[in-house]
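Reviewing the structure listed below.
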Amino acid sequence: MQIKFWGTRGSIPTPDPDRMKYGGDTSCVEIQTSGGKRLILDAGTGIRRLGMKLITDSRGPISSNILLTHGHWDHIQGFPFFAPAYIPGNSFTFYGLFKADGRVEESMRGVMGELYFPVHLEAIAKQLHFQDILEGTREIQGITVSCCVVNHPQGALAYRIEHDGSAVVYCPDTEHTPDELQPKLVELCHDAEYLIHDTHYAPEEFDTHRNWGHSTYEAGIAVCKEAGVRSLVLFHHAPEHDDDFMDDLLYRANQDWPHCIAATRDLELNTLRTDTRQFKAIRPEREVQVSGPEAGFRIERQFDTIYVLCPASITVFSSSAFGRRILDSVKEDISQVTMDFEKVERLNSVCLGILGEVLGHTQKNNVSLIFKNVNEQVLEVLRMTRFTEIVEVM
Ligand SMILES: [Zn+2]
Ligand SMILES: [Zn+2]
């Protein structure tokens, strides 16, 4: 795989002459496989230049997948200036974290909202597709993409891209609590060749910026050591840090662990590995606990209907094991899934993600979905998230 850094800054672009070596544009990274397949990570201002290159190189319709980590401005603000999206016949699919209170499409519609931009998203809607996703592993154009939620205000995803036996992890925005690395992220990084990690703050700046959602090279190095990653790529540079400061920061990082690179403007890296070892897909921690009968849910077949008694525990409801058991039960001869909410008192956004997956799966298989015994509070959430417009609620 070839990795190209079109945007490396965090927070806001830095078009200052003394900040251009380490990049003036905000987050956007392109990954291309040897077979010419392409993934784009984030749509910060760097995507504008990438878009121009795609048009220059194209010999026909352009189609690409864009993986968004989250909706903060520095990761989406380049999208309205991504010229290929305006050309009929091109096709772009945006992937992002399912959220009850703001799905990927709404976030992208927002940057082109009436108050902010002269062109509305509707004008280019034919070229665009949106996929709300949850933690897990999926194939996108023959590339294995895994993701997990990381600690960041409003939440963010980290992505692992695997192809030809190599793996690269992209985690531009996250903060680790002192003395504890995020286990899911460490697992996602397992044995990767590069970890592109948030190193926004210098170590001496971190204490005064706790809970701002960002990290240091020390945290990035710790993840690399724990997960067996070959190299750390310093990324999401603070706009305050000029090139001299960044040179020094990189030097200090390499004093700690001599496998650090800092993302510079237009830096290109290649993965080298050629073996084909299997990487472990991420699994939710609680899977083992929720698969037994003690988990408090029941899934059974009644003629051509799958009856699901939903669990009272919000944690069990939120586990992907619960969602997967429902999906696995939908076979060809099933015509209906009935989910009984009798024991469910409330829902959180991860529960809604599970419901979103079940809904998508049932729609794809022409199976009707019914929610029954829904209390007022849950019904309100289902209304707000527009499930009631699609699913029959009794
Ligand atoms: Zn950011
Ligand atoms: Zn952010």
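The values are calculated or read from the model by the stated rules, or taken from the named source; none is laboratory data. Just so it is clear, the structure is predicted and the values come from calculations on it, not from any experiment. For neighbour counting, all protein chains shown are included, and Cβ atoms are generated from backbone atoms with ideal geometry for every residue, glycine included. Surface areas here come from the heavy atoms of the whole protein model, side chains and all, with no ligands, DNA or RNA. Shrake-Rupley method; radii C 1.70, N 1.55, O 1.52, S 1.80 Å.
Filter the stretch 35-54 down to residues that are farther than 19 Å from Q2 by Cβ and open to solvent by 10 Å² or more (accessible area, probe 1.4 Å) and give me whichever is farthest from the chain's Cα centre (by Cα).
Going through the stretch 35-54, the residues farther than 19 Å from Q2 by Cβ turn out to be 43-45, 48.
Narrowing the set further to residues that are open to solvent by 10 Å² or more (accessible area, probe 1.4 Å) leaves 45, 48.
Numbers: T45: 18, R48: 20 Å.
Among those residues, the one meeting the criterion is R48.
Need pairs with beta-carbon distance below 6 Å; first residue assigned by TED's automatic domain parsing to the domain that holds R138 and open to solvent by 10 Å² or more (accessible area, probe 1.4 Å) and within the stretch 157-174, second away from ligand 1 (no atom under 16 Å from the Cβ) and among the basic types (K, R); sequence gap 6+ or separate chains.
The qualifying pairs are G165/R273.
Having 3 or more residues that are among the hydrophobic types (A, V, I, L, M, F, W, C) is the bar; report the strands (runs of 3 or more DSSP E) wholly within the stretch 125-195 that clear it. Steps first, please.
Numbers: elements: 128-133, 136-140, 143-150, 156-163, 166-171.
Strands (runs of 3 or more DSSP E) meeting the threshold: 128-133, 143-150, 156-163, 166-171.
Exactly one condition in (1) surrounded by fewer than 24 Cβ atoms within 10 Å (Cβ to Cβ); (2) touching a residue at least 24 places away in the same chain (Cβ under 8 Å); (3) more than 15 Å from ligand 2 (Cβ to nearest atom) is not met by W212; state its number.
(3)
Within the stretch 314-335, track down each residue that is of a type in the set (S, T, N, Q), free of Cβ contacts under 8 Å to residues at least 40 places away in the same chain and crowded, with 17+ Cβ neighbours inside 10 Å.
Just the residues of the stretch 314-335 that are of a type in the set (S, T, N, Q), to begin with: 315, 318-320, 329, 335.
Narrowing the set further to residues that are free of Cβ contacts under 8 Å to residues at least 40 places away in the same chain leaves 315, 318-319, 329, 335.
S318, S319 - these are the residues of the stretch 314-335 that are of a type in the set (S, T, N, Q), free of Cβ contacts under 8 Å to residues at least 40 places away in the same chain and crowded, with 17+ Cβ neighbours inside 10 Å.
Tell me, please, whether a residue that is closer than 27 Å to V150 by Cβ, in contact with a strand residue (DSSP E or B) (Cβ under 8 Å, 6 or more places away or on another chain), of a type outside the set (D, E, K, R) and surrounded by 13 or more Cβ atoms within 10 Å (Cβ to Cβ) can be found in the stretch 336-352. Write out each step before concluding.
Filtering the stretch 336-352 for residues closer than 27 Å to V150 by Cβ gives 346-352.
Add one more test, that the residue is in contact with a strand residue (DSSP E or B) (Cβ under 8 Å, 6 or more places away or on another chain), and what stays is none.
No, there is no match, as no residue in the stretch 336-352 is closer than 27 Å to V150 by Cβ, in contact with a strand residue (DSSP E or B) (Cβ under 8 Å, 6 or more places away or on another chain), of a type outside the set (D, E, K, R) and surrounded by 13 or more Cβ atoms within 10 Å (Cβ to Cβ).
Looking at the stretch 177-191 only, could you name the residues that are without any contact (Cβ under 8 Å) to a residue 60 or more places away in the chain and surrounded by 20 or more Cβ atoms within 10 Å (Cβ to Cβ)? Steps first, please.
Taking the stretch 177-191 first, the residues without any contact (Cβ under 8 Å) to a residue 60 or more places away in the chain are 177-182, 185-186, 189.
Q182, L185, C189, listed by residue number.
Within 19 Å of G353 (Cβ to Cβ), at pLDDT below 95 and polar (S, T, N, Q): is that true of Q154 in this structure?
On the way: within 19 Å of G353 (Cβ to Cβ): yes; at pLDDT below 95: yes; polar (S, T, N, Q): yes.
Judged against the criteria, Q154 is a match.
Determine which member of the set T305, T388 is among the β-branched types (V, I, T), within 24 Å of L97 (Cα to Cα) and either open to solvent by 10 Å² or more (accessible area, probe 1.4 Å) or in contact with a Cys (Cβ under 9 Å, 6 or more places away or on another chain) (or both). Explain how you work it out, then say what you get.
Numbers: T305 fails: within 24 Å of L97 (Cα to Cα).
One residue alone meets the criteria, T388.
Being within 16 Å of ligand 1 (Cβ to nearest atom), open to solvent by less than 20 Å² (accessible area, probe 1.4 Å) and farther than 24 Å from T33 by Cα is the filter here; which residues of the stretch 71-98 pass it?
Just the residues of the stretch 71-98 that are within 16 Å of ligand 1 (Cβ to nearest atom), to begin with: 71-79, 96-97.
Keeping just the survivors that are open to solvent by less than 20 Å² (accessible area, probe 1.4 Å) gives 74-76, 78-79, 96.
Hit for the stretch 71-98 is D74, nothing else.
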